[in-house]
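Working notes, beginning with the structure itself.
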Amino acid sequence: MLFAHLVEYFEKLESTSKRLEMFSILSELFQRVEKDEIDKVIYLCEEQLQPPFRGVEIGMAEKLVERAIARAAGTAESTVRERYNALGDAGLVAEEFLSQPSTGAPLAVATVYEELLQISGTSGEGSVDRKIGRLADLLSRSNAKEARYITRFVVGNLRLGIGDPTLMEALSKAIAGDRSLRPTLERGYNICSDLGLVAKTLMNQGIAGIERLEAHVGNPIRMALAERLTRAAEIVEKLGRCSVESKYDGLRCQVHKNGNRIDIFSRNQERMTDMFPDLADAARTHLVAEQAIFEGEALAMNEETEEMQPFQVTVQRKRKHGVDQMAKDFPLSLFAFDLLYRDGKDLTKQPYEDRRNQLDEIIRPGGRLRLANRIVTDDTEEIELFFDENISHGLEGIMAKKLDSPYQAGARNFNWIKLKRSYKGELIDTVDVVLVGYFLGRGMRVKFGIGALLGAVYDDQHDTFRTIAKIGSGLTEENWVKVRQMLDEGRTEHKPARVDSLIEPDVWTTPTYVFSVLADEITKSTMHTCNRNSEGVGFALRFPRIKEWVRVDKKPEDATTVTEIVKMFAQQKGGGAPK
Ligand code: AMP
């Protein structure tokens, strides 16, 4: 496919914020794409060169891109800068300076993709100049529109706003004529976290190829998630005899071991290995298996006192600089709770009990790699006691697991059930909202230029963000200023794609940041679109306040879902106390 054709689709996608329109534009695009380039087109639609876990980054800030534009257009850098200051969009600047029709052969999608990949792989001495040279060369071979999109892609500002579920449905429509393949594609995606690979497998081997996809060391598996209940008795009713584990409040880690090589992935499939050298070491030395994929919760813990630090301390370890000092100050312990792969064998379909027994076998005692504490029981009182003990040790609560359940990648269901501590007058759990806009400040907040945030939850059935709260408390003055800066970076003139809102904030922003919010209860509301019915009644959070700002471990699609809110609303009537 010619890159110019892909650009036509990008233009169409950009001009709509309606998901259904995006879906039909994309399915038409996928019908036209060749089998061997579908993966590249998918990555470009996802606004990345490779799935995030491969850690591929172009590494060109706006300044360098301005230089490349200047070089391609044969003009002074200062002239380019001037236009950038006026237009505020590097893509439009490139388009303006490269308006001469290109004389060379038209660019193919594969050529542009390979060039961008080469730029990302350029490192070492003189790499900055070589990157600029390569990009300038690519821009001089492109026409004005192509230059607009290449430039936006390079500076990370494509903002098509397409979600993975929409891509999967469009792929299904392109191949099967309807959306029926989505569940199978989703399962394939959950096991390899690489939508390009899923699309390529589908095109080349059909849906049977997707069904054959298995766990693979090096490819993160999308993590299984838990449902909530409010009482120990409900857990026993639901699961009967089950495993009940301590619920640690840290960072979820999926560790991949292949001989001496260790990779550690976050909840959203980001590579964290370099941030956690202490954990990588522990996995290297205390795991008796050549190859393994296992999961656990990492927590800053004082080995002497066994005192577990709160999440706010642990999360400081998620950083790129000063890693060694932080590892000394706040060493992590990893509480392992599941084994997904062992020496050539995908274990995800095995029952939990078997996976956990094998995990117990391969962890060598001592050191910072530990097993999550657990009991196996069908006795309500025993669970309540275990819960109380955990709370008194400063833990968050408990996690019950169904003994015969497989590991269902990416799924939230009753195979795992969390029971958290809740105080009177509070919801049973925090709600993770994604910010979609903000309101200018009034009164005291005028000086910050921000007074409240518009928060949304995720409707995973329709790949849409629906509003649930206007949040005006829980941040320090300093953080209000920071939040405004962060949101301004993603500022959009119109309501962003995939956002459903009746409220018009002063500033819209591309859904990017997830905040954990505590509220007194979920109430019915005609203002918000979360679960809005035909009578115009939806759900809102009462007295929302920010508990944890910027959940670095969550993508917008990892926000609490509308379905979860519906269940939490039903549960809150029953109280909120754990017993
Ligand atoms: P939540 O983030 O409140 O939905 O709770 C689910 C999270 O609890 C998981 O994603 C893990 O990060 C964490 N967790 C802590 N302890 C456990 C455990 N024993 N088993 C599973 N997940 C756990």
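Looking for something polar (S, T, N, Q), free of Cβ contacts under 8 Å to residues at least 40 places away in the same chain and either over 15 Å from Asp558 (Cα atoms) or not in a strand (DSSP E or B) (or both) - is there at least one such residue anywhere in the range 479-501? Looking through the range 479-501, at least one residue is polar (S, T, N, Q), free of Cβ contacts under 8 Å to residues at least 40 places away in the same chain and either over 15 Å from Asp558 (Cα atoms) or not in a strand (DSSP E or B) (or both). Taking the listed residues Ala110, Ala144, the one that is free of Cβ contacts under 8 Å to residues at least 60 places away in the same chain and either under 14 Å from Val7 (Cα atoms) or in contact with a Pro (Cβ under 6 Å, 6 or more places away or on another chain) (or both) is Ala144, with no other qualifying.
Only one of the listed residues (Gln316, Gln325, Gln312) is under 16 Å from Met272 (Cβ atoms) and modelled with pLDDT under 95. That residue is Gln316. Kindly list the number of the only condition in (1) crowded, with 17+ Cβ neighbours inside 10 Å; (2) touching a residue at least 24 places away in the same chain (Cβ under 8 Å) that fails for Glu361. Exception for Glu361: condition (1). For the subset of the range 217-242 comprising residues that are more than 9 Å from the ligand (Cβ to nearest atom) and small (Gly, Ala, Ser), which member is nearest to Gln269 (Cα to Cα)? The selected residue is Gly218. Do you know which residues across the range 244-287 are among the charged types (D, E, K, R) and within 16 Å of the ligand (Cβ to nearest atom)? Within the range 244-287, Glu245, Lys247, Asp249, Arg252, Arg267, Glu270 qualify. Within the range 387-402, the set of residues being within 12 Å of the ligand (Cβ to nearest atom) and either outside the structural domain of Thr348 (by TED's automatic domain parsing) or farther than 21 Å from Leu279 by Cβ (or both) comprises Asn390, Gly397, Ile398, Ala400, Lys401. Residue count for the range 337-354 satisfying the condition of being touching a residue at least 60 places away in the same chain (Cβ under 8 Å) and under 28 Å from the mean Cα position of the chain (by Cα): 8.
Looking at Gln350, Gln358, which is the one that is at negative phi and not in a helix (DSSP H, G or I)? Testing whether each residue is at negative phi and not in a helix (DSSP H, G or I) leaves just Gln350. Can you find even one residue in the range 236-247 that is farther than 26 Å from Asp354 by Cβ, part of a strand (DSSP E or B) and in the same structural domain as Ile363 (by TED's automatic domain parsing)? No: zero hits. Assessment of the range 213-225 against the conditions (free of Cβ contacts under 8 Å to residues at least 60 places away in the same chain and touching a Ser or Thr at 6+ places or on another chain (Cβ under 8 Å)) yields at least one matching residue. State whether one or more residues within the range 339-350 are of a type in the set (Ser, Thr, Tyr), modelled with pLDDT of 95 or more and in contact with a His (Cβ under 9 Å, 6 or more places away or on another chain). Yes: one or more hits. Scanning the range 264-280 for residues that are free of Cβ contacts under 8 Å to residues at least 40 places away in the same chain and not β-branched (Val, Ile, Thr) yields a total of 1. The set of residues from the range 395-454 being among the polar types (S, T, N, Q) and in contact with a Gly (Cβ under 8 Å, 6 or more places away or on another chain) comprises just one member, Ser422. Looking only at residues of the range 27-78 that are among the hydroxyl-bearing types (Ser, Thr, Tyr) and without any contact (Cβ under 8 Å) to a residue 60 or more places away in the chain, we find that the one that is surrounded by the most Cβ atoms within 10 Å (Cβ to Cβ) is Thr75. The residues on offer are Thr103, Thr122, Thr111, and the sole one that is within 30 Å of Asn268 (Cβ to Cβ) and outside the structural domain of His256 (by TED's automatic domain parsing) is Thr122. Of all residues in the range 95-127, count the ones that are under 33 Å from the mean Cα position of the chain (by Cα) and surrounded by 15 or more Cβ atoms within 10 Å (Cβ to Cβ). Summing the residues that are under 33 Å from the mean Cα position of the chain (by Cα) and surrounded by 15 or more Cβ atoms within 10 Å (Cβ to Cβ) in the range 95-127 gives 14. Mind listing just one residue for me: the one in the range 303-339 that is of a type in the set (S, T, N, Q) and either assigned to a helix (DSSP H, G or I) or outside the structural domain of Ile362 (by TED's automatic domain parsing) (or both) and, of those, surrounded by the most Cβ atoms within 10 Å (Cβ to Cβ)? Only one residue fits best here, namely Thr314. Based on what the data block shows, is Asn357 within 14 Å of the ligand (Cβ to nearest atom) and more than 28 Å from the chain's Cα centre (by Cα)? For Asn357, the condition - within 14 Å of the ligand (Cβ to nearest atom) and more than 28 Å from the chain's Cα centre (by Cα) - is not met.
Would you call Ala208 over 20 Å from Asp404 (Cβ atoms), in a helix (DSSP H, G or I), touching a helix residue (DSSP H, G or I) at 6+ places or on another chain (Cβ under 7 Å) and not β-branched (Val, Ile, Thr)? Spelling it out, it is not the case that Ala208 is over 20 Å from Asp404 (Cβ atoms), in a helix (DSSP H, G or I), touching a helix residue (DSSP H, G or I) at 6+ places or on another chain (Cβ under 7 Å) and not β-branched (Val, Ile, Thr). Val56 passes every criterion in (1) in contact with a Gly (Cβ under 7 Å, 6 or more places away or on another chain); (2) closer than 30 Å to Met275 by Cβ apart from (1). Tallying residues that are at pLDDT 55 or above and either farther than 17 Å from Gly538 by Cα or surrounded by fewer than 17 Cβ atoms within 10 Å (Cβ to Cβ) (or both) within the range 570-579 yields 2. Every condition in (1) within 16 Å of the ligand (Cβ to nearest atom); (2) in contact (Cβ under 8 Å) with a residue 24 or more places away in the chain is met by Ile207 except one, and the failing one is (1). Scanning the range 332-350 for residues that are among the small types (Gly, Ala, Ser) and closer than 12 Å to Gly296 by Cα returns Ser333, Ala336. Among all residues of the range 320-330, there is none that is within 16 Å of the ligand (Cβ to nearest atom) and under 25 Å from Ile398 (Cα atoms). Taken over the range 403-436, the criterion of being closer than 22 Å to Glu214 by Cβ and either assigned by TED's automatic domain parsing to the domain that holds Val457 or more than 14 Å from the ligand (Cβ to nearest atom) (or both) is satisfied by Asp404, Pro406. Condition test on Val446, is it away from the ligand (no atom under 16 Å from the Cβ), over 22 Å from the mean Cα position of the chain (by Cα) and touching a residue at least 40 places away in the same chain (Cβ under 8 Å)? Criteria not met by Val446.
The values are calculated or read from the model by the stated rules, or taken from the named source; none is laboratory data. Since we're looking at a predicted model, the values are computed, not measured. Note: ideal-geometry Cβ built from the backbone for every residue, glycine included; neighbour counts use all protein chains shown.
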